[in-house]
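The structure under discussion appears below in the form of structure tokens.
The values are calculated or read from the model by the stated rules, or taken from the named source; none is laboratory data. Quick caveat: nothing in here was measured; it's all calculated off a predicted structure. Heads up, the Cβs are rebuilt from the backbone with ideal geometry, glycines too, and the neighbour counts pull from every protein chain shown. Areas reflect the complete protein model, heavy atoms only, side chains present, ligands, DNA and RNA absent. Shrake-Rupley method; radii C 1.70, N 1.55, O 1.52, S 1.80 Å.
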Amino acid sequence: MNVIVVATADFELYHGVVTELRERGVEFTTVEPGDELPERTHVLVVGDEDDVPDRDETPDKEIEIIRADPAEPQRAVESALSSLRDGGRTIVGVDPGDRPGIAVLSGDVVVAAFHVPLADAADVIADEIADAADPIVRVGDGARLTGASLIDELDVPVELVDETGTTPSLGTGARGMGDVLAAVNIARRSGEQVRERTVEPTVGELDVIKARSREQSDTNREIDEALARRVAAGELSIQEALAEHREQ
């Protein structure tokens, strides 16, 4: 697995870059400037005054050198992650739901993660795979209705993945991370390639949609089953269904 290495004597730069990498959950390591680099080094982040190894010293390694500005550690990390993406296939894992967890992997390395409203998920995924040569999206088979609607919006190879056991046990302080961590595990499982997912909503799923329509209605109005089915199929949003119901 390719690794990002930080090697700088600039404390401000070191602190900024390391903090940014940790917040993103990216695997990296640090060494003293001038020390031998780990075998899997793919990107080396240094400061303007730091020495870097000569090409003759690393003849078997394709190492990208990023000279970072202490005032802009985020830009350095973005450049490092962009380089990592070039080194492995881009795989996007999605734990579907009203706020899907989304994890973007380059090979085995997690390079980005999101937890966004369902309405934004397709655009987020499209942005993340825009420059990828051979991307694939893996969607968990739970939350059938939201998963099906998302698959219909994606114009990229999609695999439907058995998500059994992908949500880890969460410890103290990890609230809200479950969907994202599940997305990472989904990305690492192969599944069945699909172009669409046709789902016949159950009575319980239709009841949930009706209940949500009542919650979102200013007048406690509940849509009927026909409109609920159209919402389940992704033809209407709940607000659009409520508007049609008012006109009936």
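Among T29, T146, the order of accessible area from largest down is T29, T146, computed with a 1.4 Å probe on protein heavy atoms.
Structural descriptor for the range 203-247: relative contact order 37 percent, calculated from alpha carbon pairs under 8 angstrom and at least 6 residues apart. Dipole magnitude for the chain: about 1200 debye, using +1 per Lys or Arg Cβ and -1 per Asp or Glu Cβ, origin at the Cα centre.
Quick one: compute the contact order of the chain, relative version, from alpha carbon pairs under 8 angstrom and 6+ residues apart, as a percent. The partial results should precede the final answer.
Numbers: 458 pairs, mean separation 35.2, N = 248.
14 percent.
Pop out the carbon and sulfur fraction of the accessible area of the chain as a percent, whole number, probe 1.4 Å. Spell out each step's value before the answer.
On the way: 5870 of 13670 Å².
The value for the chain is 43 percent carbon and sulfur by accessible area.
If you count the DSSP beta bridges with both ends in the chain, what percent of them are antiparallel, to the nearest 5?
Numbers: 15 of 34 bridges.
Expressed as a percentage, antiparallel bridges in the chain total about 45.
Comparing D35, D95, D123 in a Gaussian network model of the chain, where Cα atoms under 10 Å apart are tied by springs, the biggest mean-square fluctuation is seen for D35. Per residue, the solvent-accessible area of the range 90-194 (1.4 Å probe, heavy atoms of protein chains only, all protein chains present) comes to 45 Å².
Keeping all protein chains in place and using 1.4 angstrom, which order do S169, S79, S106, S190 fall into by accessible surface area, from largest down?
So the residues, ranked largest to smallest area, are S169, S190, S79, S106.
Contact order, relative form, for the range 3-87: 35 percent (alpha carbon pairs under 8 Å, 6 or more residues apart, mean separation divided by residue count).
Evaluating 6.51 cos²θ - 1.76 cosθ + 1.60 at θ = phi - 60° for every residue in the range 139-156, the Karplus couplings come out as 10, x, 8, x, 6, 4, 5, 5, x, 5, 5, 5, 4, 5, 8, 8, 10, 7 Hz, glycine and proline recorded as x.
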